[in-house]
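Since the structure comes first, as structure tokens, the remarks are kept for the end.
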Amino acid sequence: LRGSEHRRTLSLGGVQYGSVAVRMSPVPAQNRIWEAFLNHVSILTLAVGLDFLGILLILKTGLRPLDALAEGARKFGGGDLSARIPLHGSPEMRDTILAFNRMAEDIQTQKAAIHREKELAQVTLQSIGDAVITTDGEGRVTYLNPVAEHLTDWTTADAAGRPLPEVFNIVNEFSRQPVENPVDRVLRTGRVVGLANHTVLIARDGREFSIEDSAAPIRDREGGILGVVLAYFLACTRGT
């Protein structure tokens, strides 16, 4: 930038000796102002950066309990029922973690109790002298006790998930026509039903047995049908 110029003539006793020019430049002043501005900007930038870092630190510290809670929930949902979260964080967060840990403890206890009841039921069914088959709510086989496995020539592993008629093949002794599936009747009526007389069970290996049976619904606490239990015993052995 060009500054203003002031010029004066030098004279003495009426004799002109020359002139003096003085030029005023704003550049140094502008440089000082600009330098001061840059210093202020640097200080402001540093202050903002420190504030931002402080906010990030606060957020990270505050979110750490949430991260732990999320990780614990992920493990628990993945089947690790022993997953628990250490108590830390704000009082509100500690209350939330404590509630989660109590819920996890209750679920783990209930599942263990259900597992014990299931084992007891299976032991009981295995020790029964009659053949027992259970199905789900769609009439698909879920379990055969050892007697049922022997009479049908199906194992639980092979029969599981199959429609009952594939495993429990029954016909009329005289007409040789298929007999109505008792499980279907239970699922349709919701009542205990029994087989008609002269019913023959044909095992997978071709053996035939005259049988008598009954089927009953398996209900949940609200009365809904979860499946059916079918129990039958031999009237006589027919052979192949």
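A few comments on the model shown:
- Residue within the stretch 170-180 that is hydrophobic (A, V, I, L, M, F, W, C) and exposed (fewer than 14 other Cβ atoms within 10 Å of the Cβ) present: yes
- Taken over the stretch 71-121, the residue count meeting the criterion of being of a type in the set (Gly, Ala, Ser), assigned to a helix (DSSP H, G or I), surrounded by 14 or more Cβ atoms within 10 Å (Cβ to Cβ) and modelled with pLDDT under 80 is 2.
- Enumerated strands (runs of 3 or more DSSP E) restricted to the stretch 166-240, each holding at least 3 residues that are within 39 Å of the chain's Cα centre (by Cα): 208-219, 225-239
- Residue match in the stretch 192-206 (condition: farther than 19 Å from Gly129 by Cβ, in contact (Cβ under 8 Å) with a residue 40 or more places away in the chain and open to solvent by less than 60 Å² (accessible area, probe 1.4 Å)): no
- Of all residue pairs spaced 6 or more apart or on separate chains, those with beta-carbon atoms under 6 Å, a first member in the stretch 90-112 that is under 19 Å from Gly79 (Cα atoms) and a second member that is open to solvent by 60 Å² or more (accessible area, probe 1.4 Å) are Ile97/Leu87; Asn101/Arg84.
- Scoring Leu234 on the criteria (1) under 17 Å from Val132 (Cβ atoms); (2) at pLDDT below 90; (3) open to solvent by less than 40 Å² (accessible area, probe 1.4 Å) leaves a single failure, condition (3).
- Selection within the stretch 156-165 - in a loop (DSSP other than H, G, I, E, B) and surrounded by 14 or more Cβ atoms within 10 Å (Cβ to Cβ): Ala160, Arg162
- All positions within the stretch 142-155 that are under 14 Å from Ile202 (Cα atoms), in a helix (DSSP H, G or I) and open to solvent by less than 70 Å² (accessible area, probe 1.4 Å): Ala148, Glu149, Leu151, Thr152
The values are calculated or read from the model by the stated rules, or taken from the named source; none is laboratory data. Since the structure is predicted, the reported quantities are computational estimates derived from the model, not experimental observations. For neighbour counting, all protein chains shown are included, and Cβ atoms are generated from backbone atoms with ideal geometry for every residue, glycine included. Calculation scope for accessible area: heavy atoms of the full protein, side chains included, ligands and nucleic acids excluded. Shrake-Rupley method; radii C 1.70, N 1.55, O 1.52, S 1.80 Å.
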